[in-house]
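Input: a single structure, listed below in structure tokens.
The values are calculated or read from the model by the stated rules, or taken from the named source; none is laboratory data. The structure displayed is predicted, hence computed values, not measured ones. Please note: Cβ atoms are built from the backbone with ideal geometry, for glycine as well, and neighbour counts cover all protein chains shown. Note: accessible area is taken over every heavy atom of the protein model, side chains too, but ligands, DNA and RNA are not part of it. Shrake-Rupley method; radii C 1.70, N 1.55, O 1.52, S 1.80 Å.
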Amino acid sequence: MALRSISRRFGSRVLSYRSSSLASLHSHATSFGFQQVKEEEKSKLVGNVFTNVASSYDIMNDVMSGGLHRLWKERLVGKLSPFAGMKHLDVAGGTGDVAFRIFDAVNSVKRRALRKVDEDSLEETQIYVCDINPNMLNVGKQRAAERGLGDNKSLVWVEGDAEALSFDDNSMDGYTIAFGIRNVTHIEKALAEAYRVLKRGGRFLCLELSHVDIPVFKDVYDLYSFKVIPNLGELIAGDRESYQYLVESVRRFPPQEKFATMIADAGFEKVEYENLVGGVVAIHSAIKL
Amino acid sequence: MYRTAARRLLGAGFTTSRLLRLPKPRPTTTIIPYSYCTSSMESPIGNQSVNPNQSDPTAAREEGHRRDESRKPRAEFQEEQARVLAASLRHVPRLGWTEEAMIAGSREVGVSPSIVGSFSRKEAALVEYFMDECLQLLIDRVDSGLDLQNLIPSERVSKLVRIRLEMQIPYMSKWPQALSIQAHPVNVPTSFKQRAMLVDEIWHTVGDGASDLDWYVKRTVLGGVYSATEIYMLTDDSPEYRDTWAFLDDRVKDAFDLKKSIQEAKYFAQDIGAGVGKSFQGLMNGVMQTMSTRGGRSSAF
């Protein structure tokens, strides 16, 4: 189950971020079991974490990244180049940031050009937002209602697991996952699912916090992550633990090259990545052919 | 001879079909999975091929085998891109050099239109593909026995430029858009390179000994003639573009005359120089003589 690693972390405060040296694929799923927790309890713990976080998730994003996360998401959607009639799946996109941007991209500018398109592409755009946590989805639905999109047929909110999607094979033109894949227990499963649901020619895009290699900047970033962010979490969301988990999980996530290899192994072609802010964030993109 | 020079100057990517032009404005890295290393014909610029199974050789071979067998033979990305772009060209007269045309093209080929999002500099990719195709067609026409023997060089140049420009006739209504796309600063390096290759190819076909001028000057001049004719053609309404061909012939003649004129101007300048030199020398001699005859008598200077 996704997020199993969060519950493991509850038992182990001793986690050091240097442990990112363990580069093997399953390391962040199985290697740190200081406490054994029953599965039902795990899911409850996990559910609690994201339930607590859901309402202040967006504010915390803004504070932690200094508003930059908006630019990163813009860049992600820009790279996707949404088109009218697209079937898109945004995984772990609970509060809807990426989905709303895609919706806007398709409906505002391109609507005008829509008249130029062939009559047989009259299919409606469908943007599916999939998240494992219902509370996150609820926040997303609320935000949609605030924007006046509450009844819009284009946005579909689905509860589901990235490792076991409920969508048909070859049904999606695009798949995005923004800041979600490092929470998945078995990354390869999520990638395999992504490969399964995408059509031929479909694109996979992943926006994720990644590894910084630039000498001085790396130390600044580490300082910021481990000293500032947990304190911000405490101050604003009242939840130091989740944000401590967050920065540790970033260090344990595979570096850019490794992750790109994993994507290629899932069968994707033209695997590329682009570092933003010197590697703090990376956008990996690939195509299913 | 010029083809090899072109290859030297313009880089190893001078194979005429399926060139990969991906000038990457941001640093991105491409990974090719193990099972495609052996089958790829041309490796993209700046790729790294990764062998994920290096740690376990026997498992690797098995994995590789299983992978090849279990998955249907997949087209390389470049081939797929070429197919989509070729199909898109059919929609250009109606939809222009735009994403809509490429989306329509991808639908024809049976691929999700998302793939268009991955083409670098989208519309430019379509235009550049077209330019490459035209160059290839020109080379094919030339190779399959175009009769140039009975023509003087300037007529040969005219004929080749005409053949090349005629390929653009179906797209003439949207050609200004293509030109503006090519003029974008981001796209200029590639479009410049393509035009340079085109001009080089034409000179190569026309043959050596066409003139004595410098290699670069020849190409620049022909580049200018080609562009001028291309632009003239945009607003030409005459039946079968007769005016354009007349314009072309005149410009080519001017270019060839220009060479002769430059040569004549050089000789003229030399003659003048010689004449002036002689008269100056004569003057100086006269002055020296006068001074020496007088020098005996006057003292001051």
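Things to note:
- Selection status of residue B:148, surrounded by 15 or more Cβ atoms within 10 Å (Cβ to Cβ), touching a residue at least 24 places away in the same chain (Cβ under 8 Å) and part of a loop (DSSP other than H, G, I, E, B): yes
- Residue within the range A:201-208 that is over 22 Å from residue A:73 (Cα atoms), within 12 Å of another protein chain (Cβ to nearest Cβ) and among the aliphatic types (A, V, I, L, M) present: no
- Residues of the range A:257-273 classified as within 16 Å of the chain's Cα centre (by Cα) and open to solvent by less than 10 Å² (accessible area, probe 1.4 Å), total: 3
- Answer residue from the range B:90-113, given it is more than 7 Å from chain A (Cβ to nearest Cβ) and among the aliphatic types (A, V, I, L, M) and is farthest from residue A:88 (Cα to Cα) among those: B:92
- Between B:116, B:127, B:157, the distinction of being within 14 Å of chain A (Cβ to nearest Cβ), part of a helix (DSSP H, G or I) and crowded, with 17+ Cβ neighbours inside 10 Å belongs to B:116 only.
- Of the residues contained in the range B:204-222, none is found to be modelled with pLDDT of 90 or more and open to solvent by 40 Å² or more (accessible area, probe 1.4 Å).
- Any helices (runs of 4 or more DSSP H) falling wholly within the range A:64-180 and containing at least 2 residues that are at pLDDT 90 or above and crowded, with 20+ Cβ neighbours inside 10 Å: A:68-80, A:97-107, A:134-146
- Top-ranked residue in the range A:65-104 [being in contact with a helix residue (DSSP H, G or I) (Cβ under 6 Å, 6 or more places away or on another chain) and of a type in the set (A, V, I, L, M, F, W, C); ranked as farthest from the other protein chains (Cβ to nearest Cβ)]: A:98
- Of the residues contained in the range A:224-232, none is found to be farther than 24 Å from residue A:257 by Cβ, of a type in the set (Gly, Ala, Ser) and in a helix (DSSP H, G or I).
- Qualifying residue in the range A:218-227 (condition: within 14 Å of chain B (Cβ to nearest Cβ) and either in contact with a strand residue (DSSP E or B) (Cβ under 9 Å, 6 or more places away or on another chain) or open to solvent by 30 Å² or more (accessible area, probe 1.4 Å) (or both)): no
- The range A:251-289, subset part of a helix (DSSP H, G or I) and β-branched (Val, Ile, Thr), residue farthest from the other protein chains (Cβ to nearest Cβ): A:277
- Screening the candidates B:87, B:75 for the property of being facing chain A (nearest Cβ under 8 Å) and either within 27 Å of the chain's Cα centre (by Cα) or at pLDDT below 80 (or both) yields one hit, B:75.
- Out of A:248, A:234, A:193, sole residue that is more than 14 Å from chain B (Cβ to nearest Cβ) and touching a strand residue (DSSP E or B) at 6+ places or on another chain (Cβ under 9 Å): A:193
- Residue B:247 being part of a helix (DSSP H, G or I), in contact with a helix residue (DSSP H, G or I) (Cβ under 9 Å, 6 or more places away or on another chain) and of a type in the set (A, V, I, L, M, F, W, C): yes
- Exactly one residue out of B:278, B:260 is in the same structural domain as residue B:151 (by TED's automatic domain parsing), open to solvent by 100 Å² or more (accessible area, probe 1.4 Å) and closer than 23 Å to residue B:161 by Cα: that is B:260.
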